[in-house]
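What follows is one structure encoded as structure tokens, with my remarks underneath.
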Ligand code: PBG
Ligand code: ZN
């Protein structure tokens, strides 16, 4: 038998050596914890489809984010969930002065200042009575008519003190419209994290339940990307950068790691992945039945995002991972 000189197993012998040569690393600084903010006071309600994630009013959110900061979570992404009777055809409640997200941003910044980065989702779907991310005209989504509304929403968040606004609507031209509106009001330092490559995905199921944002008719395929497309992701990302995006995002994450790798290699800007609700809930459901080890699966997924080239990991697992000391 031929003598073996090359033995990859040599570097797998002990935990210390494996840690020494590990290529992909995780750090609490790269995690972003999403939150669902609701009106009212003293509200903290579990979301059935997302174990461990809750609907919280601003006061409770501030407590949670403060406790999370002690764990090491320094970035949050906020979603507003308004009352049903606040919804309208054009989603105007999204940018009212007393809208729940601007109030949450202001309260968090008031309490924690620049110890945390506050990011806000910018999209109309939780605020429109039809549940679509844009305005509807003759049964279709009117792209250009939607842009000023998104710009107003982003501006309301910036005024409240958001560090980063994150448009998730997938209208063409939204980054340019938002950048122009922000700059026009002097918010030149408010960054934009673009959900550049957002696929029409069944993995958003639990989120739509949590955000009460399922479309009332049809689906989102006329604006979100088709899961069969890879090259198109580069077009979306390039347009967003040209229009002024600071951070790019791929969403969902697990089924789209080829696209994450493509963007990481093509563009020299920070790249985020959104480990979405369905990806989270699948893991939680299987772990609850004892079918998979939650810690190991979560770490395997998070490392996969890093291996693919992601810099920023938006994940509902963030709190659990840090509280349980999974990152070491
Ligand atoms: C709203 C929005 C969605 C998500 C983030 N922003 C849902 C959708 O587009 O239907 C999904 C987040 C998740 O599933 O965790 N535009
Ligand atoms: Zn939306």
Practice prompt. Go over the candidates 26, 11, 20, 61 one by one and state the one that is under 30 Å from residue 126 (Cβ atoms), away from ligand 2 (no atom under 16 Å from the Cβ) and at pLDDT 95 or above.
Written response: 61
Worksheet item: In this structure, is residue 162 under 16 Å from the mean Cα position of the chain (by Cα), part of a loop (DSSP other than H, G, I, E, B), more than 13 Å from ligand 1 (Cβ to nearest atom) and farther than 30 Å from residue 46 by Cβ?
Response: no
Fill in: Candidate set from segment 115-135 (those that are within 11 Å of ligand 2 (Cβ to nearest atom) and assigned to a strand (DSSP E or B)); member that is farthest from residue 193 (Cα to Cα)
128
Response to the item:
For residue 182, the lone unmet condition from (1) over 17 Å from residue 121 (Cα atoms); (2) more than 18 Å from the chain's Cα centre (by Cα); (3) at pLDDT 95 or above is (1)
Worksheet item: If we keep just the residues of segment 216-229 that are more than 8 Å from ligand 1 (Cβ to nearest atom) and more than 14 Å from residue 255 (Cβ to Cβ), which is surrounded by the most Cβ atoms within 10 Å (Cβ to Cβ)?
Response: 223
Practice prompt. Residues that are under 30 Å from residue 181 (Cβ atoms) and modelled with pLDDT of 95 or more: find the helices (runs of 4 or more DSSP H) completely inside segment 233-328 holding 3 or more of those.
Written response: 257-266
Worksheet item: Quick one: which of 99, 166, 160, 89 is closer than 24 Å to residue 225 by Cβ and either within 16 Å of ligand 2 (Cβ to nearest atom) or in contact (Cβ under 8 Å) with a residue 40 or more places away in the chain (or both)?
Response: 166
Item to complete: Report yes if some residue within segment 85-107 is farther than 24 Å from residue 209 by Cα and either surrounded by 21 or more Cβ atoms within 10 Å (Cβ to Cβ) or at pLDDT 95 or above (or both); otherwise report no.
Response: yes
Worksheet item: When only residues in segment 136-150 that are assigned to a helix (DSSP H, G or I) and more than 16 Å from ligand 1 (Cβ to nearest atom) count, which is nearest to residue 81 (Cα to Cα)?
Response: 148
Discussion item. Criterion first (farther than 17 Å from residue 134 by Cα, within 17 Å of the chain's Cα centre (by Cα), surrounded by 21 or more Cβ atoms within 10 Å (Cβ to Cβ) and away from ligand 1 (no atom under 13 Å from the Cβ)) does residue 246 satisfy it?
Written reply: no
Worksheet item: In segment 225-251, which residues are closer than 10 Å to residue 197 by Cβ and touching a strand residue (DSSP E or B) at 6+ places or on another chain (Cβ under 8 Å)?
Response: 225, 232, 233, 236, 237, 240, 248, 249, 250, 251
Fill in: Close pairs from segment 118-134: first closer than 19 Å to residue 164 by Cα, partner assigned to a loop (DSSP other than H, G, I, E, B) and within 8 Å of ligand 2 (Cβ to nearest atom), Cβ under 6 Å, at least 6 apart
121/168; 123/133; 123/168; 123/169; 124/133
Worksheet item: Is it the case that segment 212-224 has a residue that's outside any loop (DSSP other than H, G, I, E, B) and touching a helix residue (DSSP H, G or I) at 6+ places or on another chain (Cβ under 6 Å)?
Response: no
Fill in: Residue match in segment 23-38 (condition: at positive phi and within 18 Å of the chain's Cα centre (by Cα))
no
Item to complete: Kindly indicate whether any position in segment 145-154 is out of contact with any helix residue (DSSP H, G or I) (no Cβ under 6 Å at 6 or more places or on another chain) and free of Cβ contacts under 8 Å to residues at least 24 places away in the same chain.
Response: yes
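The values are calculated or read from the model by the stated rules, or taken from the named source; none is laboratory data. Because the structure is predicted, anything quoted here is derived from the model rather than measured. Virtual Cβ from ideal backbone geometry, glycine too; neighbours counted across all protein chains shown.
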